[in-house]
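Scroll down for the structure; my scribbles are underneath it.
None of the figures in this text is laboratory data; all of them are computed from the coordinates on show. Treat the numbers as computed from the prediction; the structure is a model and nothing was measured. Glycine gets a Cβ as well: all are built from the backbone with ideal geometry, and neighbour counts include every protein chain shown.
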């Protein structure tokens, strides 16, 4: 039997090299054989089905009407350039509430008022150093993703590791920015995260799928999927939820949408929607939750700008 290389298959099918490698690793190209670091493909193998169609078939609940969200965004954009003082006050409110809620979801006991004073450089009595660091680190991670957006940096494994590294700075220096070396369970969830041996490939595949297959999706849908699929992999020993919520808002912000805050009081609904997505591939409830929060955020901006 005659075989062709990845490059030859790419030219023949009109699919990128990286996409073909991903399909080979997933066993979706019939007869593909790995020799060393390279793949060879039978010359008569049929072109694989389009990945975007496969995603639409694999997941449920991706259909959502984003008309209201886009209409609100258009109204907000009509006020550009935004008044500097308005942007400053909204940003300060965002950082405090986002930091408080994202950490509270993970068990941090600092109140929203205490979170605010910690961000102002004041120590709160009776609270651990770890809880103080979680607040400061989260604020720094927000500023980091804002810098990435300003510099038009893409979402990459490297940037995800850097975000996580900031989350665990001085809390767990041994594991910050590093994929876990042990298998884990998620308390209260039916979903079982993958083996730690699979993490490098799974993270690479996630970024390749995001870059290759999700381009036609609405940014809000893309943000929800990025969060959901990242936390499904659960690549780090700790800090996955905070990193996932940062990635979600990274995707929203870089596409001109307002960031959202998943509230601590809604964590039961949040966890249930994620577990449903992870165990049944039904992303409907999670997408609805994210979309509703985008509308809430946009309406706040409009109310302040008017």
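Between residue 8 and residue 97, what length comes free when the chain is fully extended (0.36 nm per residue of separation minus the Cα-Cα distance, one decimal in nm)?
Details: separation 89, 0.36 × 89 = 32.04 nm, distance 5.18 nm.
My answer for the length gained is 26.9 nm.
Once the piece of chain linking residue 35 and residue 211 is laid out straight, how much longer is it, given 0.36 nm per residue of separation minus the C-alpha distance between them? Intermediate values should be presented prior to the final figure.
Values: separation 176, 0.36 × 176 = 63.36 nm, distance 2.64 nm.
Length gained between residue 35 and residue 211: 60.7 nm.
What is the calculated FRET efficiency for residue 174 to residue 204, with r their C-beta to C-beta distance and R₀ = 22 Å, to the nearest 0.05? Intermediate values should be presented prior to the final figure.
On the way: r = 23 Å, r/R0 = 1.06.
Here the calculated transfer efficiency is 0.40.
Along each principal axis of its Cα atoms, how long is the range 3-48 end to end? Whole angstroms, biggest number first, please.
On the principal axes, the range 3-48 reaches 24, 20, 16 Å in Cα extent.
Relative contact order for the chain using alpha-carbon pairs under 8 Å, separation at least 6, rounded to a whole percent? List each step's numbers first, then the result.
On the way: 347 pairs, mean separation 66.4, N = 306.
Relative contact order of the chain: 22 percent.
So for 170, 209, fewest C-beta neighbours within 10 Å to most, what's the order?
Values: 170 11, 209 20.
Fewest-to-most Cβ neighbours within 10 Å comes out as 170, 209.
Does anyone have the angle between helix 199-213 and the longest principal axis of the chain? Alpha-carbon axes, 0 to 90°, nearest 10?
Helix 199-213 sits roughly 90 degrees off the main axis of the chain.
Based on the inverse mean of 1/r over its pairs of different Cα atoms, what is the Kirkwood hydrodynamic radius of the chain, in Å?
On the way: mean 1/r = 0.0476 Å⁻¹.
After inverting the mean inverse Cα-Cα distance, the result is 21.0 Å.
Cut-off 10 angstrom, C-alpha nodes, Gaussian network model of the chain. Which of 138, 218, 227 fluctuates the most?
Its mean-square fluctuation being the largest, the pick is 218.
Need one number: convex hull volume per residue for the range 1-96, Cα atoms only, in Å³. Please list the in-between numbers first.
Values: hull volume 20.5 nm³, N = 96.
Convex hull of Cα atoms, per residue: 214 Å³.
Please give the length that would be gained between residue 196 and residue 123 if that part of the chain were fully extended, namely 0.36 nm times their separation in residues minus their C-alpha to C-alpha distance (nm, one decimal). Intermediate values should be presented prior to the final figure.
Working: separation 73, 0.36 × 73 = 26.28 nm, distance 3.73 nm.
Between residue 196 and residue 123, full extension yields an extra 22.6 nm.
Rounded to the nearest 10 degrees, what's the angle between the helix 219-233 long axis and the longest principal axis of the chain, both from Cα atoms, 0 to 90?
Orientation of helix 219-233: about 80 degrees from the principal axis.
Please work out the C-alpha center-to-center distance from the range 132-173 to the range 213-253 and express it in whole Å.
14 Å
Using Cα atoms only, what is the angle between the long axis of helix 284-305 and the major principal axis of the chain, expressed in degrees (0 to 90) to the nearest 10?
40 degrees
With runs of 4+ DSSP H residues as the only contributors, calculate the mean residue ellipticity of the chain at 222 nm using -39,500 (n - 2.57) per run, divided by the residue total and rounded to the nearest 500. Provide the component values of the computation, followed by the final result.
Values: 13 runs with 180 residues, N = 306.
For the chain, the value works out to -19000 deg cm²/dmol.
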